[in-house]
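Everything on this sheet refers to the single structure shown next.
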Amino acid sequence: MLIRSLLLWIAQNKTVRRMIEFYGMHTKDSFARRFVAAKTLQETIPILLDLYQQGFKITLDILGERVTNREEAVCAADHYVYALDALAKKKLTPQLSIKLSQLGIDVDPALCEKNVERVLKRARRYQTFARLDMESSQYTARTLDTYYSLRRKGYNNFEVTTQAYLHRSKDDLTRHLKNKSRVRLCKGAYLEPASIAFSKKSDVNKNFFHLMLRLLRQGNHPAIATHDENLINAAKAYARAHNISHKNFEFEMLYGIRRDLADRLVKEGYTVRLYVPFGKEWYSYFVRRLLERPANAWFVVKNLFVEKFSMKRSEPGEVQTAR
């Protein structure tokens, strides 16, 4: 309860937000960079190259959401297209993670679909995939409408996300399997009412387990997105027992979380895709990582004061790195 209260205080306090935004990313060792790769694509590229060399696949997320006008939505699509072009020059073709609220679904659904289509066309040029991220429940139906509209237009180089904490996900998955959709299964990271989502962690885990087994049996190269070692071990055991090849599915994990487990899975021969976020609009993503794992709150509070103390001790014009 104390940790929960601390998280809500971090999320809602304007002064704390300003401090986190100022200190969180100002050097390469700042505390927010545990979860967010960098602010710019140029800074992110060396990180991607290093991760590829270590045997990981990548999903790249340009952070940002809930734009409020057409210009912002078009600009967001431009950033994705630019990123694909720039990465291709470096021989990098990661998957892209796309949020529809970032591409204008709240402004104009038709504009949003056109923006997604632009990104998918460019991704297809480089023979790579995109993924429609699933945001809070107010976007679930609209995201699926957009997904299937684009599928009917012939786009098949993208996948959709299913959140295990939503009651509706069982039926959504049935539809996806029938249409041979590529599916990423995650638990879900937004606060939702009990009327539409499981409120107990044990119930979310149970639903995730059942959806995961269906995907392993019937799915089109599903992505099992979790850091829960029990669920990962269950997936591995089920695949072995039913002669499901490592090549038929992959695990996905967030950049900066359970890297020890990710390294181990790669060494065991599994495909592991790291979700690597970057961009100036990193605060909302960062707070969701705290809400997912409350122990991270202590890490942030401790480092916030370390960073502030370190900056005060710096000479004018000099930035010291917190250790």
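The values are calculated or read from the model by the stated rules, or taken from the named source; none is laboratory data. Please read these numbers as outputs of a predicted model, since none were measured by experiment. So basically every Cβ, Gly included, is an ideal-geometry build from the backbone, and we count neighbours across all protein chains shown.
Just a few scattered comments:
- The residues listed here are Tyr139, Tyr147, Tyr82; of these, the one that is of a type in the set (Ser, Thr, Tyr), over 26 Å from Gly188 (Cα atoms) and in the same structural domain as Leu254 (by TED's automatic domain parsing) is Tyr82.
- Filtering the range 172-180 for residues that are at pLDDT below 95 and surrounded by 15 or more Cβ atoms within 10 Å (Cβ to Cβ) leaves an empty set.
- Qualifying positions in the range 19-50 - more than 21 Å from Asp260 (Cβ to Cβ), surrounded by fewer than 15 Cβ atoms within 10 Å (Cβ to Cβ) and modelled with pLDDT of 85 or more: Thr40, Gln42, Glu43, Pro46, Leu49
- Restricting attention to the range 215-226, the residues that are in contact (Cβ under 8 Å) with a residue 40 or more places away in the chain and buried (at least 18 other Cβ atoms within 10 Å of the Cβ) add up to 6.
- Among the residues of the range 171-185, those that are more than 21 Å from the chain's Cα centre (by Cα) and either within 22 Å of His242 (Cβ to Cβ) or part of a loop (DSSP other than H, G, I, E, B) (or both) comprise Thr174, Leu177, Lys178, Asn179, Lys180.
- Of all residues in the range 181-199, those that are out of contact with any helix residue (DSSP H, G or I) (no Cβ under 9 Å at 6 or more places or on another chain) and surrounded by fewer than 21 Cβ atoms within 10 Å (Cβ to Cβ) total 3.
- Test for Ala86: is it over 14 Å from Glu281 (Cα atoms), aliphatic (A, V, I, L, M) and over 20 Å from the mean Cα position of the chain (by Cα): yes
- Leading residue by the ranking (farthest from Gln163 (Cα to Cα)) among those in the range 224-279 that are among the hydroxyl-bearing types (Ser, Thr, Tyr) and over 15 Å from the mean Cα position of the chain (by Cα): Ser245
- Residue within the range 268-284 that is over 24 Å from Lys99 (Cβ atoms) and out of contact with any helix residue (DSSP H, G or I) (no Cβ under 9 Å at 6 or more places or on another chain) present: no
- Residue in the range 212-249 that is farthest from His176 (Cα to Cα), counting only those that are polar (S, T, N, Q) and part of a loop (DSSP other than H, G, I, E, B): Asn243
- Hey, Gly188 of a type outside the set (Lys, Arg), in contact with a His (Cβ under 8 Å, 6 or more places away or on another chain), outside any helix (DSSP H, G or I) and in the same structural domain as Tyr139 (by TED's automatic domain parsing) or not: no
- Leu166 vs. criteria without any contact (Cβ under 8 Å) to a residue 40 or more places away in the chain and either of a type in the set (A, V, I, L, M, F, W, C) or in the same structural domain as Ser101 (by TED's automatic domain parsing) (or both): yes
- Residues located in the range 264-283, provided they are among the acidic types (Asp, Glu) and under 20 Å from Ala237 (Cβ atoms): Glu268
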